[in-house]
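Colleague: Below is a structure I'd like to ask you about.
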Amino acid sequence: MIFREIRLRGAYLIEIEPHVDSRGFFARTWCRREFAACGLETEFDQSSVSVSAERGTLRGLHYQRAPHSEVKLVSCVRGAIYDVIVDLRPGSATFRQWCAVELRGGSHRSLYVPPQFAHGFQTLENDTEVTYMISGLHEPAAAAGIRYDDPALSIDWPTTIRQISSRDREWPPLVASEMSVTEASREH
């Protein structure tokens, strides 16, 4: 696997190294030893899948408050997404900054989302399927989010938003979300 750290420290775009022959190819998509060698999380407690029927569906921006922060390893296995992460780590050099990557079915790339990052995506094609490996068990009381259209972030979503949940539409702006992250960090 090839690990490429992206603009937000601790976040990686991970690409496979296929072994090709006449049948097609074989490649590892996750390896505890290789992740550990990069200093990345190696314990994943659950795996989830998200299927979005319509292009322009927006999911996010979600995160879990401390002490339930989680790492996500996100892959698009069908369709395509514009995948966005936001650094919510108060001491980070990239605090309050966001970064986006495009993940496509068949590209065999994954996005490693560190703890204390918000995550969301917009589908670029109909019938898009996204898989996640997640380092912690979901704790409903720790679920939090940031508004997708927060002017403090000015995320440039690539297409018209056609579907979004009422919950995602109602998340607070970054400043209010940031206060909840900081308070939770101090409590634990």
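Colleague: Using the Karplus equation 6.51 cos²θ - 1.76 cosθ + 1.60 (θ = phi - 60°), what ³J(HN,Hα) coupling, rounded to whole Hz, does each residue of segment 118-126 give in order, writing x for Gly and Pro?
Modeller: Each residue of segment 118-126 in turn: 7, 9, x, 8, 10, 6, 9, 9, 5 Hz.
Colleague: How charged is the neighbourhood of residue 136? Take every other residue with its Cβ under 11 Å from the Cβ of residue 136, and add Lys/Arg as +1 and Asp/Glu as -1.
Modeller: Once positives and negatives cancel, what remains is -4.
Colleague: For segment 21-102, which chymotrypsin sites (Phe, Trp or Tyr not before Pro) are both in a DSSP coil and crowded by at most 16 other Cβ atoms within 10 Å?
Modeller: 30, 95
Colleague: In segment 39-106, what GluC sites (Glu not before Pro) fall in a loop by DSSP, with at most 13 other Cβ atoms inside 10 Å?
Modeller: Those that pass, being in a loop and sparsely packed, are 43, 54.
Colleague: Amide H neighbours of residue 6 under 5 Å, at least 5 residues apart or on other chains, H built in the peptide plane: list them.
Modeller: So residue 6 has HN proximity to 11, 12, 13.
Colleague: I've got another one for you. Can you give the log10 of the normalised intensity I(q)/I(0) at q = 0.17, 0.18, 0.32 Å⁻¹, computed with Debye over equal Cα scatterers of segment 24-72?
Modeller: Scattering profile of segment 24-72, log10 relative to I(0): -0.84, -0.90, -1.22.
Colleague: Shape verdict for segment 90-143, please, from the Cα gyration tensor: rounded (a/c under 1.5), prolate (a/b greater than b/c) or oblate.
Modeller: Judged from the Cα gyration tensor, segment 90-143 comes out oblate (a/c at least 1.5, b/c at or above a/b).
Colleague: Related question: Report, by chain and number, residues whose modeled amide H sits under 5 Å from the one on residue 55, excluding near sequence neighbours (fewer than 5 apart, same chain).
Modeller: 126, 127
Colleague: If you don't mind, there's one more thing I want to ask. Working only with C-alpha atoms, what are the Rg and Dmax values of the chain, expressed in angstrom?
Modeller: Using the Cα atoms of the chain, the pair Rg, Dmax is 16.4, 57 Å.
Colleague: Residues with beta-carbon under 15 Å from that of residue 31, excluding residue 31: net charge, scoring Lys, Arg +1 and Asp, Glu -1?
Modeller: -2
Colleague: Ranking request for peptides 124-132, 160-168: highest mean number of other beta-carbon atoms within 10 Å first, then the rest in descending order.
Modeller: 124-132, 160-168
Colleague: Relative to the longest principal axis of the C-alpha atoms of the chain, give the angle of the C-alpha long axis of helix 174-187, reported between 0 and 90° and rounded to the nearest 10°.
Modeller: Tilt of helix 174-187: around 90 degrees.
Colleague: Here's a follow-up. Ignoring everything except DSSP H segments at least 4 long, calculate the 222 nm mean residue ellipticity for the chain; use -39,500 (n - 2.57) per segment, divide by total residues, nearest 500.
Modeller: Rounded to the nearest 500, the figure is -3500 deg cm²/dmol.
Colleague: Using each residue's phi in segment 67-75, evaluate 6.51 cos²θ - 1.76 cosθ + 1.60 at θ = phi - 60° and report the 3J(HN,Hα) Karplus result to the nearest Hz, with x for Gly and Pro.
Modeller: x, 9, 3, 9, 8, 10, 10, 10, 9
FYI, it's all coordinate maths here, none of it is from the lab. Given the structure is predicted, the values throughout are model-derived calculations rather than measurements. Neighbour counts run over all protein chains shown; Cβ positions are idealised from the backbone, glycine included.
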